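The values are calculated or read from the model by the stated rules, or taken from the named source; none is laboratory data. Bear in mind that the values here come from a model prediction, so they are computed numbers and not experimental data. Here Cβ is always computed from backbone atoms with ideal geometry, including for glycine, and neighbour counts include all displayed protein chains. When the accessible area is computed, the model is the full protein with side chains, heavy atoms only, and any ligands, DNA or RNA have been set aside. Shrake-Rupley method; radii C 1.70, N 1.55, O 1.52, S 1.80 Å.
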Amino acid sequence: MQEKNFGQRAFDNVVLPMLGVGMVIVLWAIVSATLAPALPGPWKTWQVSKLYVLSPFDKRGELDQGILRFTWYSLVRVAKGYSLALLIGTPLGLLLGMSQAFTRSFDPIIQILRPVSPLAWLPLGLVLFQKPEPAGIFTIAMCSMWPTVLNTALGVRSIPQDYINVARVLQLSRSKRLLKITLPAALPYMFTGFRLSLGIAWLVIVAAEMLTGAPGVGGFLWQEYNSLIYEHLILCIATIGIVGFVLDRLMSLVENKLKVA
Amino acid sequence: MPILELKGVCKGYGHGAQRSEVLRNLDLQLERGELVAVVGFSGAGKTTLVSMIAGLTTPDSGSISFEGKAVRGPGPERAVVFQSYSLLPWLSVRQNVKLAVDQVFAHWTPARRLAHTEHHIALVGLSAARDKKPAELSGGMRQRVAVARALAMEPELLLLDEPLSALDALTRATLQDELARICQVSGKTILLITNDVDEAILLADRIVPLDAGPAAKLGPSLSVDIERPRDRKALNHDPRFKRLRAQVIDYLLESGRKRKQRLCAPKPIEMSPSPEPAR
Ligand SMILES: Nc1ncnc2c1ncn2[C@@H]1O[C@H](COP(=O)(O)OP(=O)(O)OP(=O)(O)O)[C@@H](O)[C@H]1O
Ligand SMILES: [Mg+2]
């Protein structure tokens, strides 16, 4: 491949993406002006959202706070649910990967639970915990656990026979084999699972907050919908998207490090 | 008493019509301190043979005994240098060797284990690269790490599965000399698997050819009566070397030719499962 000079790289990586964003904004302006009068245009959206973006950490009331403050609440909630998902999902995946009998017994259940929507888990969480906060965390965990479970299991199953032979010749004990061979060998797969799980956890947060009315980006979005401030819907959507993108990028950084190692 | 003894060992893979017999009726004995080379074609079943001796797979019939006891499973007293080296890519050179040392000599003090590790890394000349990961090493260096790891386990029997076959001819020659040195220093019982007749003659006390598969058999054992240390240059003009080389190669080629005849000949109808793989 030919080495590109600095100007060309800047064009590829900065100018072209900006152009894309610009084109979407123009399209958005045209659509809101012609086809969909209910959709607020870009300029109006900016005017109405300015306060939330420019002082992002202000707290003016329970449901009237800067957008990054809301984001922070949501992130904390996601972190709790996500940690729970990893705490349950990783050992479950290891067991599935190591034992055929375990896979035969539990794989069908997992395949059945996996596609269940967060909208279905949340009411069950409310019934179980009686309070919205743990119900939301429960929902996040139940939805985001599966990629971790499946990828961890896949990672353990695809450990090269070579490494297993080394462990066998050395007569490593079960726990040592897990610690010294299985976990490090499966780690890149596990991290792919962790990254996908985080994506889902973030996806679920909106649903969880909408139904429970908890303060956060999703709760804010739902409240502004009810208050007919549609500009804020767009602000929330953009925020959710950007945060999700950043989270994914951060996780891929770690993932790629592990792949090289 | 031989340290290793194979009697009538047979091994095949698959079931029913898919079944292919790989090794048939192998008999082999290794005396303590002896270096025996098994030379054979690619795909003849050399790795299969090593796996069985290591205890990683079990023969279908026949018996393998090590130090008078039947082999039941793998163990560090029969260390293997795998054909693919099998280094753990997330560990450095030192950690790879140390994993084995820590396991085999768990009763030693940590300082002694570390010294033992360093000693064996130095033995294969890799002290400068001891903190590198396998991915940062050349093929020859990886091979030496694998040898260091196996030697550090101080096994009774060292199984070397084509340790040099993945290397280019020049590196290979250098490492052969180095391997010869290490083998002589360690004085261990070694089974060397190779597809290179010259390498076998350079290193071994005895050469056993393995027929072309399927259903490969071991040929007659040929002892290498050439004094050590053997110099590869002088060896090239040594009549004993030439004779031995011709013997081994003729035997192997003959077995390959017979195999072709066997495969092309119209098959007699028989009730017993055919040794040939079904097409
Ligand atoms: N696990 C397995 N399952 C089925 N067939 C196998 C298996 N392992 C080896 N074989 C078959 O057994 C035969 C011998 O394989 P083996 O790896 O022992 O050969 P080899 O002599 O070590 O070859 P090479 O010199 O290429 O390493 C081959 O035909 C191979 O296809
Ligand atoms: Mg092989």
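Taking into account only those residues within the stretch B:157-176 that are under 13 Å from B:Val80 (Cβ atoms) and either more than 16 Å from ligand 1 (Cβ to nearest atom) or of a type in the set (S, T, N, Q) (or both), which is surrounded by the fewest Cβ atoms within 10 Å (Cβ to Cβ)?
So the residue we want is B:Leu157.
Let's see how each residue does on (1) touching a strand residue (DSSP E or B) at 6+ places or on another chain (Cβ under 9 Å); (2) in contact (Cβ under 8 Å) with a residue 12 or more places away in the chain; (3) open to solvent by less than 50 Å² (accessible area, probe 1.4 Å); (4) closer than 17 Å to A:Cys236 by Cβ:
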| position | (1), (2), (3), (4) |
| --- | --- |
| A:Val21 | no, no, no, no |
| A:Trp43 | no, yes, no, no |
| A:Tyr52 | yes, yes, yes, yes |
| A:Asp58 | yes, no, no, yes |
| A:Gly81 | no, yes, yes, no |
| A:Leu84 | no, yes, no, no |
| A:Ile88 | no, yes, no, no |
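Hey, can you tell me all the residues within the stretch B:191-207 that are within 16 Å of ligand 2 (Cβ to nearest atom) and open to solvent by less than 30 Å² (accessible area, probe 1.4 Å)?
Across the stretch B:191-207, the qualifying residues are B:Leu191, B:Leu192, B:Ile193, B:Thr194, B:Glu199, B:Ala200.
Against the definition (away from chain A (no Cβ under 14 Å), closer than 19 Å to B:Ile182 by Cα and within 16 Å of ligand 1 (Cβ to nearest atom)), how does B:Gly139 come out, yes or no?
yes
In the stretch A:50-72, what count of residues is obtained for those that are assigned to a helix (DSSP H, G or I) and over 17 Å from A:Gly216 (Cβ atoms)?
3
With the requirement that a residue be within 14 Å of chain A (Cβ to nearest Cβ) and in contact with a helix residue (DSSP H, G or I) (Cβ under 7 Å, 6 or more places away or on another chain), what does the stretch B:59-70 give you?
Result: no residue meets the conditions.
The conditions are (1) more than 16 Å from ligand 1 (Cβ to nearest atom); (2) open to solvent by 20 Å² or more (accessible area, probe 1.4 Å); (3) modelled with pLDDT under 90, and B:Leu179 fails exactly one of them. Which is it?
(2)
Just the residues that are open to solvent by less than 30 Å² (accessible area, probe 1.4 Å) and either out of contact with any Gly (no Cβ under 7 Å at 6 or more places or on another chain) or within 10 Å of ligand 1 (Cβ to nearest atom) (or both), please, taken from the stretch B:66-77.
Correct list: B:Phe66, B:Pro76.
Being more than 13 Å from every other protein chain (Cβ to nearest Cβ) and among the β-branched types (Val, Ile, Thr) is the filter here, so list the residues in the stretch A:143-186 that pass it.
A:Thr148, A:Val149, A:Thr152, A:Val156
Across the stretch B:18-64, what is the total count of residues that are away from ligand 1 (no atom under 12 Å from the Cβ), in contact (Cβ under 8 Å) with a residue 24 or more places away in the chain and among the hydroxyl-bearing types (Ser, Thr, Tyr)?
Within the stretch B:18-64, residues that are away from ligand 1 (no atom under 12 Å from the Cβ), in contact (Cβ under 8 Å) with a residue 24 or more places away in the chain and among the hydroxyl-bearing types (Ser, Thr, Tyr) number 2.
Identify, please: which residue in the stretch B:1-17 is more than 21 Å from B:Arg206 (Cβ to Cβ) and open to solvent by 80 Å² or more (accessible area, probe 1.4 Å) and is, among those, nearest to ligand 1 (Cβ to nearest atom)?
Checking each candidate, the answer is B:Tyr13.
Condition test on B:Leu222, is it outside the structural domain of B:Arg149 (by TED's automatic domain parsing), under 17 Å from B:Glu31 (Cα atoms) and within 14 Å of ligand 1 (Cβ to nearest atom)?
no
Taking interchain pairs and intrachain pairs at least six residues apart, which have beta carbon atoms under 7 angstrom, with the first residue in the stretch B:117-145 and assigned by TED's automatic domain parsing to the domain that holds B:Phe105 and the second in a loop (DSSP other than H, G, I, E, B) and of a type in the set (Lys, Arg)?
Going by the 7 Å Cβ cut-off, the qualifying pairs are B:Ile121/B:Arg130.
With the structure loaded, tell me whether A:Gly213 is away from chain B (no Cβ under 14 Å), surrounded by fewer than 20 Cβ atoms within 10 Å (Cβ to Cβ), at positive phi and of a type outside the set (A, V, I, L, M, F, W, C) or whether it fails that test.
Here the answer is yes, as A:Gly213 does meet what is asked.
I'd like to check which strands (runs of 3 or more DSSP E) are fully inside the stretch B:28-87 and have at least 2 residues that are within 13 Å of ligand 2 (Cβ to nearest atom) and under 15 Å from the mean Cα position of the chain (by Cα).
In the stretch B:28-87, B:35-40, B:78-81 are the strands (runs of 3 or more DSSP E) which contain 2 or more residues that are within 13 Å of ligand 2 (Cβ to nearest atom) and under 15 Å from the mean Cα position of the chain (by Cα).
Could you grab me the full set of residues in the stretch B:92-114 that are among the aliphatic types (A, V, I, L, M), within 14 Å of chain A (Cβ to nearest Cβ) and open to solvent by 40 Å² or more (accessible area, probe 1.4 Å)?
Across the stretch B:92-114, the qualifying residue is only B:Ala106.
So, in the stretch B:140-190, of the ones that are among the basic types (Lys, Arg) and over 16 Å from the mean Cα position of the chain (by Cα), which residue ends up farthest from ligand 2 (Cβ to nearest atom)?
B:Arg181
Spot the failing condition for B:Pro89; the list is (1) more than 26 Å from B:Leu49 (Cβ to Cβ); (2) at pLDDT below 95; (3) more than 14 Å from every other protein chain (Cβ to nearest Cβ), and only one is missed.
Going through (1) more than 26 Å from B:Leu49 (Cβ to Cβ); (2) at pLDDT below 95; (3) more than 14 Å from every other protein chain (Cβ to nearest Cβ) one by one, B:Pro89 breaks only (3).
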